[in-house]
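Visitor: Here you go, one structure.
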Amino acid sequence: MAPLALLVAFAAVITAATGILTFRRRDETPAALPLTGALASVTAWGVVVVLMNSGTPRPWLDLLVVPQFAAVAGTVLSLRLFVDAVTGRPFRRRRTLLLCVEPVLLVLTVALDPWTHWFHASVTHVGDPERLSTTAGPLFWVHTGYSYLVIVSAALTIWHLRRTTSGLLRRQASTMLVAIAAPFVANLTVVFTPFARLDVDITPVAFAVTGVLFAYAVLHQDLLRLVPVARSLVVDTVSDAVYVVDSRLRLVDVNVAGRAMLAGEGCPQQAAAVVGRPFADTVDPVLVRAVGDGEGQSVVALASGVQIDVRTRWIRDHRGNALGRVVVARDVTEQLAAARALQEANETLRAQVATIEKLQADLAEEAAKDPLTGLRNRRRFVDDLTTRLDLAATAGQPLSLVLLDVDHFKAINDTYGHAVGDDVLVAVARALGGHARPEDLVRYGGEEFVVILPQLDTASARVRAEALRRACAEIPFAVEGLRVTISAGVATSPDHGSTPDELLLRADRALYEAKEGGRDQVALAD
């Protein structure tokens with residue numbers, strides 16, 4: 001057996017042992033399973049390479065090409081899934097299935113290659129013992145280019161992680177970049193070096209190095225699986241002190257304000273190098289007790305007399321597994337002092353509350369109006385109609401309701417544009433308001449308008465509705481060819497109903513009859 005083949009065999013033993021270790025730790029981190037898959041694929045790849053250089057008989061030697069490239073495809077796929085896991089990318093079944101398409105097609109292509117020669121243009125047996133010497137076919141280069149693209153995309157993902165982290169985390173990301181670059185360079189060497197000069201595929205050796213480094217980062221320094229989830233909460237520019245603690249109660253990240261708080265507590269050396277140390281050995285014991293074992297919120301006083309508000313919450317991955325906790329500590333010394341001062345200024349506070357209540361009342365009045373027409377909206381209108389109906393019933397007087405709708409309003413919008421449509425609504429609102437009596441009430445909603453006519457029976461209400469219809473028909477517009485008409489339905493209480501819903505329903509039916517009857521007219525409720 002060639003020395004390089006022995007090296008590959010040794011690498012396969014290492015990846016197999018590391019794969020078993022990562023599989024046993026699969027419940028601790030979502031990155032363990034895809035890493036186990038990558039290590040298993042590399043192990044299979046290495047075993048096949050060893051068999052292909054160990055005097056395997058010719059029929060079996062030819063068949064080993066299929067598991068060889070199946071292992072190659074599995075390695076690339078698992079590597080991409082592993083990078084997604086450590087960088088916090090949520091699992092997507094559809095995306096994973098798409099990534100599996102190329103490996104399936106690759107295995108089928110290699111299996112059929114003895115008849116098609118699309119993957120290997122030629123296959124010869126050389127040496128003693130016999131080994132395979134191949135020349136690349138077109139689909140070999142397609143597979144190689146695809147695999148390189150997947151590995152480069154994984155490297156770019158880690159590069160982005162490196163740019164968004166700092167300190168120890170950035171160094172870890174840098175290590176991962178080196179680890180992922182090793183097999184890339186090794187495979188480039190194998191692919192582009194003639195068989196006469198390099199007759200053993202050494203890529204599994206480089207992948208063994210990568211797998212071991214990745215396993216070390218995930219299992220021993222399991223910060224990378226935590227930081228992508230928590231880093232979006234750790235912003236160096238915020239004034240609050242933020243600490244990220246992993247499941248082993250180690251401090252895995254801290255922002256600038258957090259380091260400043262540690263230095264303020266007389267721990268400048270700790271503040272300079274705290275990441276990776278036990279949380280209890282890094283911060284004030286009072287803060288440790290405030291954090292406790294789960295989530296919560298409390299206000300405590302540090303040894304320096306500074307009062308801080310401490311809030312703790314869990315960090316979980318997309319499966320709901322607890323990865324660690326985020327601790328946010330805010331200096332509230334001045335706030336508490338200000339609160340005590342506010343308690344001594346009750347009179348000023350009462351005046352401010354009264355002002356706020358007045359502003360709220362003004363805001364509620366503005367909220368009851370349509371911003372386009374300035375008329376009351378439906379919510380306030382129903383309240384007003386209920387009040388008017390109660391007063392009319394008490395006084396024994398009728399109350400009529402006119403429901404008006406702009407004819408062919410959609411066609412106006414489609415023909416002249418929504419800006420002109422808005423101008424039409426505003427003009428109709430002004431015409432209705434200008435011809436309404438002081439006691440009348442006009443409301444707008446969509447392209448429909450409603451006018452409440454107190455003390456008018458059906459006949460009188462119809463006269464008023466006709467006057468409103470004519471007033472709208474006479475509105476001049478600057479747009480050439482634009483003429484607006486309205487249809488109206490009239491209902492009267494108590495003849496057609498005694499509640500807002502009953503009256504609006506009967507008026508709406510009458511409006512529908514007016515539109516069915518040719519529009520630009522007034523119809524009465526039955």
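The values are calculated or read from the model by the stated rules, or taken from the named source; none is laboratory data. Keep in mind that this is a model prediction, so the values were computed, not measured. Virtual Cβ from ideal backbone geometry, glycine too; neighbours counted across all protein chains shown.
Visitor: Can you tell me how many residues within the range 41-68 are of a type in the set (Gly, Ala, Ser) and crowded, with 22+ Cβ neighbours inside 10 Å?
Guide: Here the count works out to 2.
Visitor: Would you point out the residue of the range 500-526, among those that are of a type in the set (Gly, Ala, Ser) and touching a Ser or Thr at 6+ places or on another chain (Cβ under 8 Å), that is nearest to Thr386 (Cα to Cα)?
Guide: Restricting to residues being of a type in the set (Gly, Ala, Ser) and touching a Ser or Thr at 6+ places or on another chain (Cβ under 8 Å), the top hit is Ala525.
Visitor: Moving on to the next point. Going through the range 468-499 one residue at a time, which ones are modelled with pLDDT under 90, under 16 Å from Arg388 (Cα atoms) and crowded, with 20+ Cβ neighbours inside 10 Å?
Guide: Answer for the range 468-499, where residues must be modelled with pLDDT under 90, under 16 Å from Arg388 (Cα atoms) and crowded, with 20+ Cβ neighbours inside 10 Å: Ser493, His496.
Visitor: Examine the range 364-373 for a residue that is modelled with pLDDT of 80 or more and surrounded by 10 or more Cβ atoms within 10 Å (Cβ to Cβ), and state whether such a residue exists.
Guide: Taking every residue of the range 364-373 in turn, none turns out to be modelled with pLDDT of 80 or more and surrounded by 10 or more Cβ atoms within 10 Å (Cβ to Cβ).
Visitor: Does any residue of the range 470-480 turn out to be in a strand (DSSP E or B), within 48 Å of the chain's Cα centre (by Cα) and within 18 Å of Val428 (Cα to Cα)?
Guide: no
Visitor: Search the range 105-145 for residues being surrounded by 16 or more Cβ atoms within 10 Å (Cβ to Cβ) and of a type in the set (Phe, Trp, Tyr), and hand back the single one that is nearest to the chain's Cα centre (by Cα).
Guide: Top of the filtered list is Phe140.
Visitor: Related question: Restricting to the range 515-526, what's the tally of residues that are outside any strand (DSSP E or B), among the aliphatic types (A, V, I, L, M) and either modelled with pLDDT of 90 or more or surrounded by fewer than 16 Cβ atoms within 10 Å (Cβ to Cβ) (or both)?
Guide: Here the count works out to 0.
Visitor: Sticking with this structure for a sec: Could you please tell me which pairs satisfy a Cβ distance under 6 Å, a separation of 6+ or placement on different chains, a first residue in the range 400-413 that is assigned by TED's automatic domain parsing to the domain that holds Ser498 and in contact (Cβ under 8 Å) with a residue 40 or more places away in the chain, and a second residue that is surrounded by 20 or more Cβ atoms within 10 Å (Cβ to Cβ) and of a type in the set (S, T, N, Q)?
Guide: Pairs that qualify, where the first residue is assigned by TED's automatic domain parsing to the domain that holds Ser498 and in contact (Cβ under 8 Å) with a residue 40 or more places away in the chain and the partner is surrounded by 20 or more Cβ atoms within 10 Å (Cβ to Cβ) and of a type in the set (S, T, N, Q), are Ser400/Thr492; Asp405/Ser487; Asp407/Ser487.
Visitor: For the range 49-96, give me each residue that is hydrophobic (A, V, I, L, M, F, W, C), in contact with a Leu (Cβ under 7 Å, 6 or more places away or on another chain), at pLDDT below 80 and closer than 26 Å to Trp159 by Cα.
Guide: The one that is hydrophobic (A, V, I, L, M, F, W, C), in contact with a Leu (Cβ under 7 Å, 6 or more places away or on another chain), at pLDDT below 80 and closer than 26 Å to Trp159 by Cα: Val86.
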